[in-house]
């Protein structure tokens, strides 16, 4: 057998091995800071949602270079395969049992080739909610070494991350109010249809992104979020809002807006206290709910719901086996 023929057989064998693994892959982890989910397997199709680095995805099917995946909260969409690390069942089990951290900082963070904050040493960016493997045990040093799903390693500020157990423990009764306080750090962030990261959000993406920092995973869409939690207020036909009504609300309550005739929910935001809503409409901003110069006249409040301790527990990442938090 000639050398050329031997190399050709080896190359074919490698291709078949890769193809066999790809066919058996049941899970995937995003390898970039934010991965787009689309309605169809094409870059020109609608972006329906996003996921950040290390979010565990279930692979449902594939079409060429695109994978049809399901997110932990049950949302489905098409993702380009070159932004994912595919795993079979054994690989997923190994990832779930590895020592991992979640990015809990408010803002975008960078992985560096050296334990220093320098633009020249940047390897990759990661966003709040990203899950990374620990390369070295967490200590008291200013930086800790972590690994991306595709194997790249780098250093991230120690204060920017928490162990997965610590992250899951943030899912408490105080989390919704804390999410509102932290949410003001996103003031001015532009509206992005389908966006679910600190780089750009839609209305339900904003509420989901903020609560995810506290280990709570809301359903993706506003209409879905309107079905969770406990009802606090249901507006009657023709009822005018008043300070007395708003006194029933607490910071962190989810407020739902829409068509007063059909009761169809089209928008969601957080109650921020003192008659204000914190939401994303054009950009993340505050508006008053009562008539005045800061009111958003396009919004009609339909209802308000509160995340009870039981609801928070059921939405905690620790309650979802795919995260592997014991």
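Structure notes:
- Alpha-carbon centroids, segment 29-101 and segment 105-121: separation in whole Å: 25
- Relative exposure of 261, 185, judged by other C-beta atoms within 10 Å (fewest first): 261, 185
- Relative intensity of segment 204-295 on a log10 scale, I(q)/I(0) at q = 0.15 Å⁻¹, equals -0.58, per a Debye sum over C-alpha point scatterers of equal strength in the absence of solvent.
- Note: relative contact order over segment 98-166, using C-alpha pairs below 8 Å and six or more positions apart, is 39 percent.
- Euclidean distance of C-alpha centroids, segment 233-285 and segment 286-326, integer Å: 11
- According to the Kirkwood relation over distinct C-alpha pairs, the hydrodynamic radius of segment 131-289 is 17.3 Å.
- Computed over the chain: relative contact order in percent, which uses C-alpha pairs under 8 Å that are six or more apart: 14
- Rounded to 10°, Cα long-axis angle of helix 3-24 versus longest principal axis of the chain: 30
- Over the chain, equivalent-ellipsoid semi-axes from the Cα gyration tensor in Å: 40, 23, 17
- Each of 47, 187 has some number of other Cβ atoms within 10 Å of its Cβ, and from fewest to most they run 187, 47.
- Principal-axis tilt of helix 203-212 within the chain, Cα atoms, nearest 10 degrees: 70
- Burial order of peptide ranges 275-288, 242-255 (average beta-carbon count within 10 Å, highest first): 275-288, 242-255
- Residue order for 198, 32, 135, fewest other beta carbons within 10 angstrom first, comes to 135, 32, 198.
- Computed helical MRE - 222 nm, the chain, DSSP H runs ≥ 4 contributing -39500 (n - 2.57), nearest 500: -6000 deg cm²/dmol
Quick note: the coordinates plus some simple rules give every number you see, no bench work behind them. In this text, all values refer to a predicted model and were calculated from it rather than measured experimentally. Every residue, glycine as well, gets a Cβ built from its backbone with ideal geometry; the counts of neighbours run over all protein chains shown.
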